[in-house]
Amino acid sequence: MPADQSEITSLASLEMALEKLNLAFDGEAMWWRGHADAVNWVLRPSVFRKRRNGQPYNENALINNFQMRAYGRLGHRPRPCSDLEWLFLAQHYGLPTRLLDWTESPLVALYFAVSEEYCRGALRDCNACLWAVSPRELNKANSNRSDPANAQVGLINPENSVVQAMAMKAFGWKDEDVSRRTGQNPYALPQVVALETFEIDERIVAQSGRFTLHSCEQAIESLGDKEQYLRKFLIPAGSKPTIRQKLEDLGIQRWSLFPDLQALAAGLKDHEFTN
């Protein structure tokens, strides 16, 4: 097993993983992401993945059409005030974007790694995994590669000009307009940054949701400096049912993470309610 990868087979081994990370990153609060497939799922935002027919997404068309058609469907929601706010809203409702979801809770990430909803069919027998990232160290390594001495310390504010430039690229702004409006070189943007998060919905709050923003399709684990901020923990397929039951015993289940009536009904339907 690679040196940067350990196994999680129970909640006790998750606690041991937390202790290792606490030592490695001086007690920094980590961000977590759970994958039902440890081999084929990578840390790449959905808009940079292939569609089911093998073709790439047209990012500009997706987000611009979403923006144009969403106005009459916002209901009680306030209208987004920036390109990044539009990306957060689109990501929340399942549109492929250049945002990647994370959580501050390892238990929430573990749920997504082992939940039956995400481990059906061929995935049932796949090893799962947990990813842990240090947002502080990720930004230190990636936010200003041309001038590391002036790299971001901590999370990046959504109003930061670098973030604005990365979001503008999603909407297809011309390079000269990106440069003129933000003062940033469109060809020297970071590959990935960890953001302060707009908590625009109760689902983000319930899941302790956080986000990284990406400027290209390169997966985080393929970056050359990943050992500075990234760790992977393998979850053997045979351990999924036991972990899943333990999480349910602790109240980590669908209706607690998706606080809406549809998720409540679906969760109750699958629950063991019998006479």
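Some points to look at:
- Lysine pair number, Cα distance threshold 26 Å (strictly under), segment 119-257, separation 8 or more or different chains: 6
- Helix 261-270 and the longest principal axis of the Cα set of the chain meet at an angle near 30°.
- Here the dipole of segment 138-275 is about 300 debye; that uses its Cα centre as origin and unit charges on the Cβ of Lys and Arg (positive) and Asp and Glu (negative).
- Degrees between helix 83-92 axis and first principal axis of the chain (Cα, 0 to 90, nearest 10): 20 degrees
- Crossing angle, helix 11-24 versus the chain [Cα axis fit, 0-90 degrees, rounded to tens]: 40 degrees
- Prolate/oblate/rounded call for segment 5-270, Cα gyration tensor, a/c under 1.5 rounded: oblate
- Gain upon complete extension [ALA149, ALA188; 0.36 nm per residue less C-alpha separation]: 12.4 nm
- Top of CYS129, CYS216, CYS81 by mean-square fluctuation, Gaussian network on the chain, Cα under 10 Å: CYS81
- Rounded to the nearest 20 debye, the dipole size of the chain about its Cα centre is 860 debye, using +1 on the Cβ of Lys and Arg and -1 on the Cβ of Asp and Glu.
- Coil-residue trypsin sites (Lys or Arg not before Pro) of segment 103-169, DSSP, other Cβ within 10 Å capped at 14: ARG120, ARG145
- Among the GluC sites (Glu not before Pro) found in segment 118-186, those both in a DSSP coil and sparsely packed, with 16 or fewer other Cβ atoms within 10 Å of their Cβ, are GLU159.
- Estimated at 0.36 nm per residue, the fully extended path between GLU199 and ARG180 surpasses their Cα-Cα distance by 3.9 nm.
- Segment GLN67..ASN22, full-extension length gain: 12.1 nm, with 0.36 nm per residue of separation and the alpha-carbon distance subtracted.
Every read-out reported here was derived from the displayed coordinates using simple, explicitly stated rules and does not represent laboratory data. As the structure is a computational prediction, the values presented were derived from the model and not from experiment. Every residue, glycine as well, gets a Cβ built from its backbone with ideal geometry; the counts of neighbours run over all protein chains shown.
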